[in-house]
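Trainee: Before we start, here is the structure in question, set down as structure tokens.
Coordinate-derived values only; no laboratory data. This is a predicted model, so every value here is computed, not measured. Note that we place each Cβ from the backbone using ideal geometry, even for glycine, and neighbour counts take in every protein chain shown.
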Amino acid sequence: EPEVTQTPSHQVTQMGQEVILRCVPISNHLYFYWYRQILGQKVEFLVSFYNNEISEKSEIFDDQFSVERPDGSNFTLKIRSTKLEDSAMYFCASSVNRWDGYTFGSGTRLTVV
Amino acid sequence: GENVEQHPSTLSVQEGDSAVIKCTYSDSASNYFPWYKQELGKRPQLIIDIRSNVGEKKDQRIAVTLNKTAKHFSLHITETQPEDSAVYFCAAGGGSNYKLTFGKGTLLTVNP
């Protein structure tokens, strides 16, 4: 079964540093997403990306965040200057259509110290 | 925006019993309602979904019902097994949105 892959699985970073989280969506999927989950809490939407542009973003997704699809396969989330409260599990997801086959990656656990 | 409420937050059942988890949503434009199972430290995995043109959907021991008028949907697991123990999330999406809005999750424990 095709999978969404994410790297790294764990990332520890100093407050104020930039981090880039990487995702390889399923190859025939057209819609890409980033979600995050603070430990023990619900999954929260960050941003959706379609047709090489952001289609929707949440209030969490402020100027410190950016997304990119630098080539035909990778989808990245950059946090420019990390804060302690950015510590969370970040999940990438992709789907063929907007509401079909929405698959999550295994996540990157980001710890900001 | 959409708001999804999920109850209960924890549910403990004996193996073989049924489990029911309920969600309500606020945006009448939502038309897609998936359920995800998340085991500790792992990714959410889609277990079943329903669209607004259907009132009920079943897949072996799992079923989901949707009441669009009342804006609520439920997950039913029959003949529960210890491996069903996990956190279950409901979500809602659709309309002009690209996102899924998740409930806060239900920790289901199935006792052998």
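Trainee: State log₁₀ I(q)/I(0) for chain B at q = 0.13, 0.14, 0.19 Å⁻¹ as given by the Debye formula over alpha-carbon point scatterers of equal weight, solvent excluded.
Mentor: Per q value, in the given order, log10 I(q)/I(0) is -0.44, -0.51, -0.92.
Trainee: Using Cα-Cα distances under 8 Å and only pairs 6 or more residues apart, what relative contact order does chain B have, in percent? Show your work: numbers first, answer last.
Mentor: Working: 282 pairs, mean separation 41.4, N = 112.
With pairs under 8 Å counted, the relative contact order is 37 percent.
Trainee: Once both labels are modelled 7 Å past Cα along the beta-carbon direction, what's the residue B:68-residue A:73 spacing in nm?
Mentor: Each label point is offset 7 Å from its Cα along the Cβ direction, giving 4.2 nm.
Trainee: Which stretch or stretches of region A:38-68 have amide N atoms under 18 Å from the point lying 7 Å from residue A:24's Cα along the Cα→Cβ direction?
Mentor: Residues A:68 fall inside that zone.
Trainee: Please average, across the residues of B:90-97, the number of beta carbons from any other chain that are within 10 Å of each residue's own beta carbon, and give a whole number. Please report the intermediate quantities before stating the final value.
Mentor: Numbers: counts 0, 4, 0, 4, 2, 0, 1, 6.
Counting other chains' Cβ atoms within 10 Å and averaging over B:90-97 gives 2.
Trainee: Just counting partner chain Cβ atoms within 10 Å, what average do the residues of peptide B:102-108 show around their Cβ?
Mentor: Working: counts 7, 2, 4, 5, 0, 1, 0.
For peptide B:102-108, the averaged partner shielding equals 3.
Trainee: Moving on. On alpha carbon coordinates alone, what is the Rg over Rh value for the protein assembly as shown, Rh being the Kirkwood radius?
Mentor: In the protein assembly as shown, Rg relative to Rh is 0.97.
Trainee: Based on a Kirkwood Rh over C-alpha pairs, give the Stokes-Einstein translational diffusion coefficient of chain A at 4 °C and viscosity 1.567 mPa s in µm²/s. Provide the component values of the computation, followed by the final result.
Mentor: Values: Rh = 14.0 Å.
For the chosen part, D equals 93 µm²/s.
Trainee: Additional query: So how compact is region B:1-61: Cα radius of gyration and Dmax in angstrom?
Mentor: 13.4, 38
Trainee: Right, something else. Between region B:1-20 and region B:76-98, what is the C-alpha centre distance in whole Å?
Mentor: That distance is 9 Å.
Trainee: Please report, in debye to the nearest 20, how large the charge dipole of region B:59-112 is about its Cα centre when each Lys and Arg carries +1 at its beta carbon and each Asp and Glu carries -1 there.
Mentor: 400 debye
Trainee: Further question: If you project the alpha carbons of region A:22-74 onto the principal axes, what extent comes out on each, in Å, largest first?
Mentor: 33, 23, 16
Trainee: Next up: Over the whole of B:56-63, what's the average partner chain Cβ count within 10 Å per residue? Rounded to a whole number, please.
Mentor: 0
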